[in-house]
Amino acid sequence: MGKQDIRKIVGDNLRAARLLKNISQSQLAKELNKYQPDYSQYERGIIELDYEKICYLCKRLDITPNELFGFDY
């Protein structure tokens with residue numbers, strides 16, 4: 001699995017978790033001090049999330065890092 005594959009998986013899982021919580025991209029972008037188009041790049045797998053954002057988004061969306069990264073144990 002390559003870096004691009006991981007970014008795509010994370011982006012897809014991030015989007016799914018956000019939609020389940022009925023939160024807009026704009027709302028999360030604002031919370032992260034980002035613009036909506038920048039946040040959108042996380043969900044599209046274009047930009048990698050840093051550790052701080054991973055922690056924040058997992059707590060905010062009530063998911064585990066394993067769920068975000070698509071690890072199935």
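The values are calculated or read from the model by the stated rules, or taken from the named source; none is laboratory data. Note that the coordinates shown come from a computational prediction; the quantities given were computed from them, not determined experimentally. Quick reminder, even Gly has a Cβ in these numbers, built from the backbone with ideal geometry, and neighbours come from all protein chains shown. Please note that ligands, DNA and RNA were not included when accessible areas were found on the heavy atoms of the full protein model with its side chains. Shrake-Rupley method; radii C 1.70, N 1.55, O 1.52, S 1.80 Å.
For the reader, a short list of remarks on this structure follows.
- Among residues of the range 36-60 being of a type in the set (A, V, I, L, M, F, W, C) and in a loop (DSSP other than H, G, I, E, B), the one that is surrounded by the most Cβ atoms within 10 Å (Cβ to Cβ) is LEU49.
- The residues of the range 30-60 that are without any contact (Cβ under 8 Å) to a residue 24 or more places away in the chain, closer than 20 Å to ASP5 by Cα and among the charged types (D, E, K, R), listed by number, are ASP38, ASP50, LYS53.
- Flag for ARG15 being in contact (Cβ under 8 Å) with a residue 40 or more places away in the chain and either in contact with a strand residue (DSSP E or B) (Cβ under 6 Å, 6 or more places away or on another chain) or of a type outside the set (Asp, Glu) (or both): no
- Output for the range 61-73, where each listed residue is without any contact (Cβ under 8 Å) to a residue 60 or more places away in the chain, open to solvent by less than 90 Å² (accessible area, probe 1.4 Å) and either part of a loop (DSSP other than H, G, I, E, B) or touching an Asp or Glu at 6+ places or on another chain (Cβ under 7 Å) (or both): ILE63, THR64
- Residue in the range 13-35 that is nearest to ILE47 (Cα to Cα), counting only those that are of a type outside the set (Gly, Ala, Ser), assigned to a helix (DSSP H, G or I) and open to solvent by less than 70 Å² (accessible area, probe 1.4 Å): LEU14
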